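What follows is one structure encoded as structure tokens, with my remarks underneath.
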Amino acid sequence: MYITQQKEQFSLAYVLAVAAQAGMNHTTPVVDDESVDIILMTKGLVGCSYTQAQIKIQIKCTENCHFRDNFLHYPLPVKNYHDLREASLNPQLLVVVCIPDSVEDWLKQNVRRLAMYRCAYWYSLKNLPDTDNTTSITVKIPTSNLFTTTFLIEAMRNTANGCDL
């Protein structure tokens, strides 16, 4: 397997692990032509305007995480940038999974635990300005935007109440 495929599989497993802990289901588009790798969904939301919610996610994985001024600076392909900026009924998020340089350090396990290294960050590109760039555009993701179970549950509740993420 190519390293790019390993990264893709690892980052998908990361997102699915967070979603599983949050009690959410998922589906994957047959064709990824809209910059959506996975759709997370939940139902049975109590105290919200709607009892069901969905979030579309584009997942990226990199060992080249550049942090500066409390932001992760990530070079996103322009096609993904344009797709994720578009107005959508369901929120669309970019999730960047940061990993160690060496594949051997991505995951550690023993009889007591399974640990995935390092972490993931989420970002909504909704309403960002257009760009004249032709290949990539660097997005600045706040380091406070950790992709966690707590975030995901709250994001679904916000979505079910018609709020932006």
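The values are calculated or read from the model by the stated rules, or taken from the named source; none is laboratory data. Keep in mind that this is a model prediction, so the values were computed, not measured. Backbone-built Cβ (ideal geometry, glycine too); neighbour counts: all protein chains shown. Just the protein is used for accessible areas: all its heavy atoms, side chains included, with ligands, DNA and RNA removed. Shrake-Rupley method; radii C 1.70, N 1.55, O 1.52, S 1.80 Å.
Select from segment 130-145 the residues that are open to solvent by 90 Å² or more (accessible area, probe 1.4 Å), part of a loop (DSSP other than H, G, I, E, B) and not β-branched (V, I, T) and list them in ascending order. D130, D132, S144 - these are the residues of segment 130-145 that are open to solvent by 90 Å² or more (accessible area, probe 1.4 Å), part of a loop (DSSP other than H, G, I, E, B) and not β-branched (V, I, T).
This table checks each residue for (1) touching a helix residue (DSSP H, G or I) at 6+ places or on another chain (Cβ under 7 Å); (2) farther than 19 Å from V31 by Cβ; (3) not in a helix (DSSP H, G or I).
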{"residue": "V46", "(1), (2), (3)": "no, yes, yes"}
{"residue": "K56", "(1), (2), (3)": "no, no, yes"}
{"residue": "I59", "(1), (2), (3)": "yes, no, yes"}
{"residue": "N64", "(1), (2), (3)": "no, yes, yes"}
{"residue": "D83", "(1), (2), (3)": "no, no, no"}
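Mind listing just one residue for me: the one in segment 11-25 that is out of contact with any Cys (no Cβ under 6 Å at 6 or more places or on another chain) and buried (at least 17 other Cβ atoms within 10 Å of the Cβ) and, of those, farthest from A115 (Cα to Cα)? Here the residue is M24. The residues of segment 81-90 that are modelled with pLDDT of 95 or more and open to solvent by less than 50 Å² (accessible area, probe 1.4 Å), listed by number, are Y81, D83, L84. As for segment 93-100, it holds at least one residue that is more than 13 Å from the chain's Cα centre (by Cα), closer than 27 Å to I3 by Cα and of a type outside the set (S, T, Y). Scanning segment 27-44 for residues that are surrounded by 11 or more Cβ atoms within 10 Å (Cβ to Cβ), assigned to a loop (DSSP other than H, G, I, E, B) and of a type in the set (A, V, I, L, M) yields a single hit, V36.
Yes or no, residue by residue, for (1) surrounded by fewer than 15 Cβ atoms within 10 Å (Cβ to Cβ); (2) touching a residue at least 24 places away in the same chain (Cβ under 8 Å); (3) among the charged types (D, E, K, R):
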residue: L93; (1), (2), (3): no, yes, no
residue: P100; (1), (2), (3): yes, yes, no
residue: K108; (1), (2), (3): yes, no, yes
residue: R118; (1), (2), (3): yes, yes, yes
residue: W122; (1), (2), (3): no, yes, no
residue: N127; (1), (2), (3): yes, yes, no
residue: R157; (1), (2), (3): no, yes, yes
residue: G162; (1), (2), (3): yes, yes, no
